2 protein chains.
Amino acid sequence: MFSFANKEFLSQNTKKDFTKYVNPFVGTSKMGHVFPGATVPFGMVQLSPQTNFEVMFDEDGAYNRKTYEYCAGYQYRDTTIIGFSHTNFSGTGHSDLGDLLVMPTIGPLILEPIKSSSTKKGYYSTFSHDKENASPGYYEVDLSSYGIKAELTASERVGYHQYTFPKSQEAHIILDLVYNVYHHENKNIWTFIRVENDSLITGYRQTKGWARTRTVYFAMSFSKPFKSYGHEKYDSIKYDGFYRRFEQNENFPEMAGKDIRAYFNFNTDEGEKIGIRMALSPVSTIGALKNLEAEVPEWDFNKIKQQAKNKWNKELSKIEVETMDSRQKVTFYTALYHTNLSPILYEDVDGQYLGLDQNTHQSEGFTNYTIFSLWDTYRALHPLFNLTQTERNNDMIKSMLAHHDQSVHHMLPIWSHYANENWCMIGYHATSVIADALAKNVGDFDLEHALKAAINTANVRYFDGLGDYIDYHYVPDDKSHSSVSKTLEYAYNDWCISQIASKAGRSEIMNQYSKRSEYYKNVFDSNSGFMRPKLSDGSFRANFDPMDTHGQGFIEGNAWNYGLYVPQNLPYMIDLMGGKKQFRYHLDSLFAMEIADKYIDKHEDITRDGIIGNYVHGNEPGHHIPYLYNWTDKPYKTQERVRTIMKAMYGPAEDGLCGNDDAGQMSAWYVFSAIGFYPVTPGSDEYALGSPLIKNAKLELANQKTLNVVVENQSPQNIYVQEVSINGKLIVGTKLKHKDIMNGGTLLFKMDRTPKKHE
Amino acid sequence: MFSFANKEFLSQNTKKDFTKYVNPFVGTSKMGHVFPGATVPFGMVQLSPQTNFEVMFDEDGAYNRKTYEYCAGYQYRDTTIIGFSHTNFSGTGHSDLGDLLVMPTIGPLILEPIKSSSTKKGYYSTFSHDKENASPGYYEVDLSSYGIKAELTASERVGYHQYTFPKSQEAHIILDLVYNVYHHENKNIWTFIRVENDSLITGYRQTKGWARTRTVYFAMSFSKPFKSYGHEKYDSIKYDGFYRRFEQNENFPEMAGKDIRAYFNFNTDEGEKIGIRMALSPVSTIGALKNLEAEVPEWDFNKIKQQAKNKWNKELSKIEVETMDSRQKVTFYTALYHTNLSPILYEDVDGQYLGLDQNTHQSEGFTNYTIFSLWDTYRALHPLFNLTQTERNNDMIKSMLAHHDQSVHHMLPIWSHYANENWCMIGYHATSVIADALAKNVGDFDLEHALKAAINTANVRYFDGLGDYIDYHYVPDDKSHSSVSKTLEYAYNDWCISQIASKAGRSEIMNQYSKRSEYYKNVFDSNSGFMRPKLSDGSFRANFDPMDTHGQGFIEGNAWNYGLYVPQNLPYMIDLMGGKKQFRYHLDSLFAMEIADKYIDKHEDITRDGIIGNYVHGNEPGHHIPYLYNWTDKPYKTQERVRTIMKAMYGPAEDGLCGNDDAGQMSAWYVFSAIGFYPVTPGSDEYALGSPLIKNAKLELANQKTLNVVVENQSPQNIYVQEVSINGKLIVGTKLKHKDIMNGGTLLFKMDRTPKKHE
């Protein structure tokens, strides 16, 4: 029968396949903190293997420091798997989630995962990369300890498992509700399971972790009825109900407790496949059942796998590139893939979602998203969305406004996930996302609402030194940690608010926040030439080490790097710092200087992997710095730096990220830089020109137009831009206007192996 | 201005006031387990003082055994109060609740309640009964330690506090989310508070107790803005969010944790009143705000107090009695009051409620109720509702059917509260409530649905020996505790199902369950003459002590009492036991025999207070027994017994209940017996006639008709009924038909001081 679904299937198949250029293992070694599992673009489910659980504990069973490596549950060097979790952050610098770990096993039932490599007690399987594959929306691995092949795919809200078993009278599928990514134990608040019938269960898990009050509801459907089931409770919590009346642990359909693990038993024939469809919901098990029915109503693993692939091709095809070599192509498309993993969808198919006020809300006129790692993503990820994901970025802004409306603090999100504000990092960068969308005419969100939300946020005096910032016109270092970083970022955010006010035609507010946007001047020490911690008495702090990233008024950066953060007025900052030439010396020194070991490893996000000289690419405060040469007497040095960084810090293999991908920000930097420009000042309509890495690119813009980026005379040596033109019109200077991009046509770079003389 | 509200107010005032005959302190001493606080009929809020917290702990801070006395938080002998909680069971034999303890204090802030009488540390106030008053819907007390007068009233979903303060710069209102009734500590799962503005907070508390997974949401509004606020967290739970960035404990509007106590500070003038409106919701803080707005939109304590009084008069006036003395009148109306306290409303004003599946549901075509203490209340409370609360009883049955539909076990409630089944006690007596309503033509619930739910319930093999009961035709004592009690009750419940099936015209099902209803015969031991534990091999168990209430196949009763539980076929049971005369000897012995101390105090529900001979009135299995003389050769002995019991076991003062009121069952026994008849066999349309205590009564029946019970020649000595007639027609025998009651008119008892000879 020829159905519409088939037609779509065929038509997708005739299109180009970009997923083959994506290597989901990129960044899964070292500190990339990404996951190789199955997900669809911005999907609520990230179904991914959790590896080497035994190394998370020392011999005594206590957590060891390596937890940080497991922010997304997986390390490429590992050799054991304990199961597949349905939620994983991509590239974050702190973690949570890991919900609903599922593991198939055979043999005598073992219900606790391995916890120590010495005893080998607990369920786990060895695995090898030879028998492991991943592509967008699909992951497979042989669980060699059990002879089980595991395959995973996903829709937006449903994780789909397919396990191929050997013949066994003791086949099990374990649902481990105890397992958590990161600070594993004692993170559960409550768990609840109902065995609705012999092939469907529902339930929820409630945790307190990075998100203080978080609940994930689920509905889990098995393709084959289990022959028996049961659970164990691993906590010591007693309750007074008369459950003692029952043989609760076996075949009793209602389970609850802080820490429970359930199992489902099967007889399997050789090669028998058992499927699991696990639907999630932010609000209820009824919601999860709706999601299941709407997205994966039937047992057809390959269909869902193909749909996931199609969804990925739809997104990846928005930027079609030709590269100098195939490794670059994989690096590029994997970066593009990584920019489509979060923020994630956070609502049921009927639009119900959990709000920050812990009430169930209905999204009206938008789709709700969560996971806003804004200190990272406002820099390049949201600006990238303003080229290729405008509808989603609009929804994300509306989600942020809903967050504000539901916030008892009346604040836009700082770092939020799953109906919680986790308060991670500094600034109020939602204002930047809003300002950037406005600067680029993206979205139809309510401008007055956005302005009000931004102003509310910027005036919560108890927030992170903000009252002092308002009173002193800088954050005094004796009153607040990271005082300089906060002063610089608040000032930038205030500039963003002035831009929003300007769009709203509110000149008084614009002026007010323009003034606040200049407060960065108050922490510049002309004697040392650095942005420097200032005390409440107006004096600069003594004992200042501009190399140190700790206790020097900065966070995740030092004065050399972070002190250059005045994107709203770079010419003035450069004047402060001695003018174009003097500032260029600063940059030259930054990239060239030796950095002493004592400054490394203090923070896990600043490692040798992500450093060139004293420039830290592995963390965000420096992401705009390579482009700052554009404002100096030697703009061509930007071209050198960005090409160096793209070559040194990114790659097509598991070690291809030099630090946390930070919810896509690191990858967004690459995507922009590879096509030749970068949003140094989000909230403005300008990009700084760099040196494209690709040979050419075709951007399918949201307004249905196409921008062709053509790079003439491209080669690994020809890193210097001689001339840039847009539709034949020469670009004078080093800036590209957003509207020139959006008009479509051809952006032509002419390259050569020597810098163009600065005119 | 003359408004509708005023008109209603005046018109109510002109009606008779029955509330003055209610003494809410009746049963607050010893083991009545009732509360004296403010509530409206069947209201969701029971706002009541919590006393002498220090006696719940021994010197080491461990719970001591006296906890059981505090099932409703209050003991009349106590001299200290630690605050006012918004939820309290009425008369239950196990406990939970005590949500959202509020306490006003002055002086230096003390945030933990007193825990030990020796150290006197912690907040608390002494109080005296001289400065304490309670009437239906209203409670007041002087908190002498602080010089604060506390007044409480309530609507269905809102508790209204009014505190009159002395002059103070340090006045506080404490919201203690740690406090729980019963097994106080370690009962919280999570608590959450938002300070929405300077006079409104919202939040929830989640507990695991008798109800395993229970959450109460609230919205709390203050009549005066607080000048400052804060909280302390008393648990050791850590979470990973960056809350360390804040001075969280003071004036930070978002609080969460397992165990938190919040405080709100005020300056007060001498005699200044501060009001609190605390709205509850089963589903959300939005729901609580809706309830607040709908029920108590403004600050008028006296209006809400008057409305509560009016609501009580509406219910109490349904049975208007004249008594021989004023003490009896108080006893009667307090009993009637106690029959209107639970089941409670359990839905928001918009019909949203939490289902047993932990999902939010909308009640369609009914009002949702919770707190079903069915092993107690099916006996006389629900039958009483079938006279005077038919609409509510219909809603309760629909609530039970919803419970069934949401139950993963596909069972009707056993003992359920707050969207949880707590599995307390035995049998599946929801079937009795349904059968009784059908026998009396009450309600419009779906009969087929009810039959299906009853059958499902009666066939859950893993439930409490039910599989064995089905297989063996009795519950074998070697397989299940309380084997005889279960066999007897299952057999009765199965008879109820046969009655439901009969109404549905399903003769096959009727016959099937009629057969099961005879299984009681299988545990009758003709040798001993008792219902007796039987083993799975078919033999009766050796070592049988019919006096003992423990380990003898019964629960909360012994073979002498509980063994008489065959309400569905008393003539046959009496034949089994030797015929009318022999059975009368059994009853005579039961009421006359000395009971050894060793049989007392084993269970807290069997105390000397509730015992006559070996007859235990303080617990339910015997409630029908005084009426069983009607089936013997000397029916008049029923008249003696019931008059004796009414006199000995009930009274108008704090000691007026001889045992737990059991959610109204004990009081319902009194209400029925006082007007002269009792539903010995719920599910039939017959009542057993007793000896009325009142002089006359006017029952406002649900069908708008009126039954006048007229007692001629009534006196304390004239306890024997000579003649009973209904509308002039003599009643032959000792039974009264429900339809005779519902036709209205006059039920005439003629009394004398000697028994009428049995014809």
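The values are calculated or read from the model by the stated rules, or taken from the named source; none is laboratory data. Quantities reported herein were computed from a predicted structural model and do not represent experimental measurements. As a convention, Cβ positions derive from the backbone with ideal geometry for all residues, glycine included, and neighbour counts pool all protein chains shown. Areas reflect the complete protein model, heavy atoms only, side chains present, ligands, DNA and RNA absent. Shrake-Rupley method; radii C 1.70, N 1.55, O 1.52, S 1.80 Å.
Points to keep in mind about this one:
- Candidates B:Asn313, B:Asn340, B:Asn302: the one that is of a type outside the set (Asp, Glu), farther than 28 Å from B:Pro679 by Cβ and not assigned by TED's automatic domain parsing to the domain that holds B:Asp662 is B:Asn302.
- Residues located in the range B:103-130, provided they are basic (Lys, Arg) and closer than 15 Å to B:Thr51 by Cα: B:Lys115, B:Lys120
- Residues in the range B:213-251 that are in contact (Cβ under 8 Å) with a residue 24 or more places away in the chain and more than 30 Å from B:Thr164 (Cβ to Cβ) were compared, and the one that is most open to solvent (accessible area, probe 1.4 Å) is B:Lys233.
- Boolean, B:Arg327 is charged (D, E, K, R) and touching a Leu at 6+ places or on another chain (Cβ under 6 Å): no
- All conditions in (1) within 30 Å of A:Ser514 (Cα to Cα); (2) more than 22 Å from the chain's Cα centre (by Cα); (3) open to solvent by 10 Å² or more (accessible area, probe 1.4 Å); (4) not small (Gly, Ala, Ser) hold for A:Arg641, with the sole exception of (1).
- Residue within the range A:555-568 that is touching a strand residue (DSSP E or B) at 6+ places or on another chain (Cβ under 6 Å) and aliphatic (A, V, I, L, M) present: yes
- If you filter the range A:369-397 down to residues that are open to solvent by 10 Å² or more (accessible area, probe 1.4 Å) and in contact with a Phe, Trp or Tyr (Cβ under 7 Å, 6 or more places away or on another chain), you find that the one that is nearest to the other protein chains (Cβ to nearest Cβ) is A:Tyr369.
- Residue satisfying condition, being assigned to a strand (DSSP E or B) and either over 21 Å from A:Ile731 (Cα atoms) or not hydroxyl-bearing (Ser, Thr, Tyr) (or both), within set A:Ala688, A:Ala653, A:Ala663: A:Ala688
- Of residues in the range B:236-272 being in a loop (DSSP other than H, G, I, E, B) and of a type in the set (Gly, Ala, Ser), the one nearest to A:His481 (Cα to Cα): B:Gly241
- A:Tyr204 vs. criteria surrounded by 23 or more Cβ atoms within 10 Å (Cβ to Cβ), closer than 21 Å to A:Ile106 by Cβ and hydroxyl-bearing (Ser, Thr, Tyr): no
- The one condition in (1) part of a strand (DSSP E or B); (2) at pLDDT below 95; (3) not small (Gly, Ala, Ser) that A:Asn186 fails to fulfil: (1)
- If the condition is being buried (at least 23 other Cβ atoms within 10 Å of the Cβ), part of a loop (DSSP other than H, G, I, E, B) and over 24 Å from the mean Cα position of the chain (by Cα), then the range B:459-479 contributes B:Gly465, B:Tyr474, B:Val475, B:Asp477.
- As a summary of the residue check, B:Glu140 satisfies the conditions (1) open to solvent by 50 Å² or more (accessible area, probe 1.4 Å); (2) in contact (Cβ under 8 Å) with a residue 12 or more places away in the chain; (3) not aliphatic (A, V, I, L, M) except for the one numbered (1).
- Restricting the search to helices (runs of 4 or more DSSP H) fully inside the range A:368-423 and requiring at least 2 residues that are under 16 Å from A:Ala458 (Cβ atoms) and more than 14 Å from the chain's Cα centre (by Cα) gives A:390-406.
- Within the range A:117-137, the set of residues being at pLDDT below 95 and open to solvent by less than 20 Å² (accessible area, probe 1.4 Å) comprises A:Gly122 only.
- For the range A:259-270, filtered to residues that are of a type outside the set (Phe, Trp, Tyr) and touching a Lys or Arg at 6+ places or on another chain (Cβ under 8 Å), the residue that is farthest from B:Lys187 (Cα to Cα) is A:Glu270.
- Residue within the range B:565-582 that is at pLDDT 95 or above, β-branched (Val, Ile, Thr), crowded, with 23+ Cβ neighbours inside 10 Å and in the same structural domain as B:Tyr519 (by TED's automatic domain parsing) present: yes
- As for the range B:213-226, it holds no residue that is small (Gly, Ala, Ser) and closer than 15 Å to B:Leu101 by Cβ.
- Search result, residues across the range A:161-218 that are within 12 Å of chain B (Cβ to nearest Cβ), of a type in the set (Asp, Glu) and in contact with a strand residue (DSSP E or B) (Cβ under 7 Å, 6 or more places away or on another chain): A:Glu196
- The numbered conditions (1) within 14 Å of another protein chain (Cβ to nearest Cβ); (2) part of a loop (DSSP other than H, G, I, E, B) are all true for A:Glu347 except (1).
- Pair list, Cβ < 7 Å and 6+ apart or interchain, from the range B:517-532 residues that are on the phi > 0 side of the Ramachandran plot to residues that are in a loop (DSSP other than H, G, I, E, B): B:Gly529/B:Met577; B:Gly529/B:Gly578
- Odd one out for A:Glu723 among (1) open to solvent by less than 60 Å² (accessible area, probe 1.4 Å); (2) assigned to a strand (DSSP E or B): (1)
- Identity of the residue in the range A:153-199, in contact (Cβ under 8 Å) with a residue 24 or more places away in the chain and at positive phi, that ends up most open to solvent (accessible area, probe 1.4 Å): A:His183
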